[in-house]
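One structure below.
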Amino acid sequence: MKLLIRDYLASLKERNELDAILPDLLSELGFTVISRPGRGTSQHGVDIAAVGEDEDGERKIFLFSLKQGDVTRQDWDGNPQAIRASLNEIRDAYIRNRIPVRYQTLRIVICLAFGGDLQEQVRDSWGGYTRENTTDRIAFEEWNGDKIAGLILKGILREEILPNDLRSSFRKAVAMVDEPDVSFAHFLRLTEGLHRAGDISNKAKVRSARQLNICLWILFVWARDAGNLEAPYRASEIGLLKMWDLLRPGIGKKSKDATDLANSFIKLIQLHLTIASELIEKKVLPHANVRHGFSRAIKARDSLDVNLACFEVLGRIGLTGLWLHWLLDRSGKKGDDEMRQGVVNFVRAGFDLIQNNPTLYSPRADRQGTDIALFLLLWMHSGQGAEEVVSWLSEMANRITFAVQSRGLYPLSSADYRDLSAHPRERSDEYFKETTCGSAMLPLITAWLEAFRQDDVVKKISALAQKELEHCTFQLWMPDSNSETELFSGMLGHGKAVFDLPLCEGGRRLLTTIAEACRTDTDFPKISAVKTGFWPLVLTACHHSRFPIPPQFWIQALKPPGE
Amino acid sequence: MTELPSSQVLIALAENDQLVEAMARRIELGDPDAAQDVVKHWAEFHNTHAIDLLQVVERGQIQRLPSHKFFLAMSFLCKILPELDAPSQRMMSCVEALVAHAGDDLAATQPNGALREWFVRWPEKSREVISASMAGNDLASRHLTFALEALGDAAEARKMALSYSDVRQLSAITALGRIIHVDHASSLDTLATFTRIMENHPGDEVRACMLVSTMAILARWPQTDPAIAAPLVDGFLKDQGPITLHHAARALWVDEITSQEDVLNCLLKALESVDPTHKGTLEELDHGLFRLMGSGSSAASISFVTKFFSSGSDNLDFENFENFTASLVSGPTERLHRVVVEWLLLGNTPLCLGLARALEGNGMEGPSLDVGPEILSIPSLTQEFLCRKAIGWFFHKPRTATSILVSVLRVCDEETAGKVGDLLAEMMLLNFGCMKDYLTGLPSDDPARSHVDRALERNNSYLEALRAVPDINEFDPSESQLQIQQAHQRNQMREVGKLAMDKSIFSKICRTATLLYGNRGQSFIREAQGHLRPVEMEMKSFGVTFETPRLEIIDPIKLDYTLRVFRSERLEK
């Protein structure tokens, strides 16, 4: 276990990746973190400041200067960001000016914290420096990867609070990152265990959130090294949902635990976005403008796998972009051009992906309506022009019409991979009716096309619904009163289907019906994540459990003026 | 020298009802000359009343034999029948019983042949039967053809054909086709008789009989004036029924038909209305067209097939014309190329589909069709249309489709070359890596070279960009999904294997042995003296490989749509 954590620490790529876990680690060790990593403000060499008992039992103030990986000669000296310069700045500026008055009597430990090792050629310099500058008041400590790993095992992941069975699940999840399904299954077990453990008290909830955060970090870093981020992506989705489930009873409370829990949850969101961005921004988006690039990059021998992967990634682009948009909104920095541009870039990349991976015009499973809706929502919030989205939806509608009429690769109601893989198993009417018994995707596409006044295409879909798909139950899904407890637990049996949507009566009737269903619904606004403004959580839950996106998210934008 | 069985032995066999068993064993005689001696020997015993060979039929002894023995015994008996002195009624009854018992077997009519020989051997019996038939004897009427044929009396046959309108008329007409007329004038008399019969608007069966007899006469007398023959045949085929059409199809088999072009045209015109559900007639037609392809009338044959499949009937299936197709594909390449271009431009589904199925070569890639410039001297728009059709129909035989595109590129103008180049790059090269090898292998002085090079360059850029994209492992199908896929593929392959086995000629003629281990097999054959002779077999693997079109994986619905459009679009007139 220690080796696993040690390797994780050594693999941290950015300094701020150590930032992300060290405060939690210190808190769990009994320290009081008095200064956290921040951006844009002068820290005078100190990344984290905490007060706590030293090994000798004396209460001291610990000033951490963080560094990623190994410490090399280049890191030690020679530029303003070098360690020596930072240590000098701590002594010269921080200690003299920034230590809060109430801690000024405490002795000081300046800690050089890093994930790897201090290389031999630096050791003498470090030794010389610390000997020369150690005083009665100021001491120096080396917190290398080995020490931090030991502290993690002694602290946040100690056996008393992370029992053996959960440690085992965690180890297996890390070991199997190359097999995302298996890794995720083990991590899910860990998450559920932490959820159960956290249900005892507010303190336990905070601890569970921190444990989940560090475990997820370790999984992520290992997966990043292994070149497969699928398991941590899915793990971070379920982690977010499970932790929200823990957090939601304490919403609105002002206690320290409630604040700590909220902070931990925000860290989880940030971690989720870090993972999602690492996956999407670094691995997918750079190749979105290559014709058939993404389709080829998947080692698939079957068109179904290409199709499923393309829609999955489009859904993730939508969801990640929506989280970014939410962060932008939440920060209140309306003028944050970089973040706003980030959202626009996601939309642009999504359209590039669609254009260059044409399977995205041909959904094969009705459940892909969720991915479509997520990207549509992102587009809606991005303020970009409608031309590409209209063209995408129209072509998709045309292809679905063709596939249904030719009894080819039309989208199936079933989400089971076996059914999708064997399709079309036969050409009989009975099979066709069975495999197209219900659809939430067609009403979604039709509603949007109607909003874009694409009368011809809408008419075509209406005719299709009337002639070929008369047997199909057109529907949408909304959360109901049970969803509050089940939506974030990954349960499937909740919510209500608004069905018998009048698709064959044209787009306007359809929109009106959906709008009326949303207007009369009283459950959606009561969902904790909606009520508290954490609405992307509902989308994450829908994405994770493959539920259709509730129309409440988009109906306002689609309703004709005056309705 | 084999010793013949003595009369005592024969009598003993007859008395013990073992005669038919002996017949089935052919008296253990392998030597044909010896068998001939036995035939004479047995006939003599019959004719001297020592034994009664017809009794083996009359008592049902031969009919009670197991099927294979029955045919062996019948065949032996048929050799003896012509030699037997017997009343015609008995003889005809026996023959009829044997034919009836033989059922649908190809050898079922062998006793009729024996009866014909019997009539030749005993002409007075023929006259007796003709008289009996005239008197209304049903049995005699049913065997009238053989009696008339044996006598070779065309005048008598013509008379009977005109005098009756029942089975006797059919028998007489049939006999007229078989009788060797003494001279051309006599054959013309027969044709004139048929013209007179036609005046009474006979039914389908009579017309069919007259058609068959007429074709036989024309085969023997090819100098017959087409002005006589063609209207007569045309008359038979006007408002014809299915039997006449069936025989019209069979008439195409007659070699000499090619010298009677007008008659051939009459037949082919009538055959355009064959009911596609009449598989037997289609089979005859296929054989006939195959004969025409090899006998200087290929143009008529191809033209017929083109018209036949352009009729718009839903039930037409090119698979019914496999002999014709085989002849077309294996015949002169220039002829094949013309047909390919003509049919693609016509865009008729069964024709194009039939072509696509028939073209074989280079494994799954299909043969290369280097269509000559004289065939491709068509308007630019038509050239482009031809390319789209070639892709639509021959997409899964990429070399065939590509070679047609290259053929067009050799002769077309710059604007068309641009469009055809797009098709080459976007449809063929993008989908099939193997086409790159084919195209790079074209000679440097090939007129299409520059256009082909541009398409190859485009393809290279596309592939280079693709190669620069690293694998993204996150979205790989999971292990369980791969297992589902593999199970699905295994099931599909099993089905394909079963289908192949069902269609394989080997599975019908060979016994299957499944070797679970090793790559060689050994079995033993027990020889006459009980000696075991080893037979060894070296096992070889066999298989076919084909390239899955890239778009089949990346964008199957669009590919399907595009190919359907290419197949179904029509040129505006």
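Its residue count N fixes a reference of 2.2 N^0.38 Å for the protein assembly as shown, and the Cα radius of gyration divided by that reference is 1.42.
Counting every pair of alpha carbons in the range A:259-379, the share spaced more than 21 Å apart comes to 40 percent. For the range A:69-141, pairs of C-alpha atoms spaced more than 14 angstrom apart make up 63 percent of the total. Would you please classify the overall shape of the range A:173-242 from the alpha carbon gyration tensor, given that a ≥ b ≥ c denote the square roots of the eigenvalues, rounded means a/c under 1.5, and beyond that prolate means a/b larger than b/c while oblate covers the rest? Prolate, because a/c is 1.5 or more and a/b exceeds b/c.
Taking Rh as the Kirkwood radius computed over C-alpha pairs, what is the Stokes-Einstein D of the range B:155-242 at 10 °C in a medium of viscosity 1.306 mPa s, expressed in µm² per second? It comes out at roughly 126 µm²/s.
Normalised size of chain B, defined as Cα radius of gyration per 2.2 N^0.38 Å with N residues, equals 1.34. Based on Cα atoms of the range A:386-473, Rg over Rh with Rh as the Kirkwood radius reads 0.98. Counting only lysines at least 8 places from B:Lys508 when in the same chain, those with an alpha carbon closer than 19 Å to its own are B:Lys498. Here the Karplus relation 6.51 cos²θ - 1.76 cosθ + 1.60, evaluated at θ = phi - 60°, turns the backbone of the range A:535-545 into coupling constants of 4, x, 5, 5, 5, 4, 4, 5, 5, 5, 9 Hz, with x for every Gly and Pro.
The base-10 log of I(q)/I(0) for the range B:287-359, evaluated at q = 0.14, 0.17, 0.18, 0.23 Å⁻¹, reads -0.36, -0.55, -0.62, -1.06 [Debye formula, identical scatterers on Cα atoms, solvent excluded].
Site pair A:Asp455 and A:Ser406 shows an inter-label distance of 2.9 nm when each label is modelled 7 Å from Cα along Cα→Cβ. How much of the pair distance distribution for the range B:201-280 lies past 19 Å, counting alpha-carbon pairs only, in percent? Here the tail beyond 19 Å accounts for 27 percent of pairs.
For the range A:388-536, the direction-averaged projected area of the alpha-carbon convex hull comes to 10.0 nm². Working note: Debye formula, equal point scatterers on the alpha-carbon atoms of the range A:200-340, no solvent; log10 I(q)/I(0) at q = 0.15 Å⁻¹ is -0.85.
Reported to the nearest whole Å, the Cα centre-to-centre distance from the range B:324-383 to the range B:416-484 is 25. Computed from the alpha carbon positions, the gyration tensor of the range B:105-177 leads to an equivalent ellipsoid with semi-axes of 18, 14, 12 Å, biggest first. Each Lys and Arg contributes +1 and each Asp and Glu -1, all at the Cβ; summed about the Cα centre of chain B, the dipole is approximately 500 debye.
With the Kirkwood sum run over all distinct C-alpha pairs, the range B:88-214 has a hydrodynamic radius of 14.7 Å. For the range B:321-442, the spread of Cα coordinates along the three principal axes comes to 40, 31, 24 Å, biggest extent given first. Averaging the Cα positions of each part gives two centres, and for the range A:37-108 and the range A:114-189 these lie 19 Å apart. Taking 7 Å steps out from each Cα toward its Cβ at B:Asp422 and B:Ser303 produces label points 3.9 nm apart. The trypsin sites (Lys or Arg not before Pro) of the range B:499-530 meeting both criteria, a DSSP state outside H, G, I, E and B (loop) and at most 14 other C-beta atoms within 10 angstrom of the site's C-beta, are B:Arg511.
Across all directions, the shadow cast by the convex hull of the range A:469-563 built on its C-alpha atoms averages 6.6 square nanometres.
Ordering A:Met396, A:Pro550, B:Gln486 by the projection of their Cα atoms onto the charge dipole of the protein assembly as shown, which places +1 on the Cβ of Lys and Arg and -1 on the Cβ of Asp and Glu, puts A:Pro550 at the extreme positive end. In this rough spin-label picture, where each label sits 7 Å from Cα along the Cβ direction, the A:Ser428-A:Thr473 distance is 2.2 nm. Geometric descriptor of the range A:412-458, per residue, is 89 Å³ (volume of the convex hull of the Cα atoms). Taking one quarter of the surface of the convex hull spanned by the alpha-carbon atoms of the range B:476-563 gives a direction-averaged projected area of 10.0 nm².
Summarised as an ellipsoid, the range B:34-164 has semi-axes of 26, 17, 13 Å, derived from the eigenvalues of the Cα gyration tensor scaled by 5 and square-rooted, with the largest first.
Values of log10 I(q)/I(0) for the range B:216-353 across q = 0.16, 0.19, 0.22 Å⁻¹ run -0.81, -1.11, -1.40, by the Debye formula with one identical scatterer at each alpha carbon and no solvent.
Residue separation of A:Asn164 and A:Glu55 scaled by 0.36 nm, minus their Cα-Cα distance, works out to 36.6 nm of gained length. All C-alpha to C-alpha distances of the range B:514-555, sorted into 10 Å bins beginning at zero, yield P(r) values of 20, 26, 19, 15, 11, 8, 3 percent in whole numbers. Of interest is the spacing of the C-alpha centroids, which for the range B:163-212 and the range A:406-460 amounts to 66 Å.
In summary, the lysines within cross-link reach of B:Lys238, defined as a Cα separation below 27 angstrom excluding same-chain residues under 8 places away, comprise B:Lys159, B:Lys269, B:Lys279, B:Lys307.
Charges were assigned to the Cβ only: +1 to each Lys and Arg, -1 to each Asp and Glu. The resulting dipole of the range B:503-573 about its Cα centre is roughly 300 debye.
If you model the range A:360-410 as an ellipsoid using its alpha carbon gyration tensor, with each semi-axis the square root of five times an eigenvalue, the axes come out at 23, 13, 5 Å, biggest first.
The charge dipole of the protein assembly as shown, taken about its Cα centre with unit charges on the Cβ of Lys, Arg, Asp and Glu (plus for the first two, minus for the last two), comes to roughly 3940 debye.
What share of the DSSP beta bridges in the protein assembly as shown is antiparallel, in percent to the nearest 5?
So the antiparallel bridges amount to about 55 percent of the total.
Restricting the calculation to alpha carbons of the range B:377-461 gives Rg and Dmax of 11.4, 33 angstrom.
Could you tell me which of the pairs A:Lys254/A:Lys282; A:Lys242/A:Lys283; A:Lys242/A:Lys496; A:Lys2/A:Lys205 are separated by over 29 angstrom between their Cα atoms in the structure shown?
A:Lys254/A:Lys282
Annotation: Cα Rg of chain A relative to the compact-globule expectation 2.2 N^0.38 Å equals 1.09. Amide H to amide H, with H built 1.01 Å from N, A:Phe62 comes under 5 Å of A:Ala50, A:Val51, A:Gly52, A:Val109, counting only residues 5 or more places away or on other chains. For B:Lys419, a cut-off of 30 angstrom between C-alpha atoms picks up these lysines, skipping any fewer than 8 places away in its own chain: B:Lys389, B:Lys397, B:Lys436, B:Lys558, B:Lys573.
No value in this document is a laboratory result; all are computed from the given coordinates. Since this is a predicted model, take the numbers as computed values, not measurements. So basically every Cβ, Gly included, is an ideal-geometry build from the backbone, and we count neighbours across all protein chains shown.
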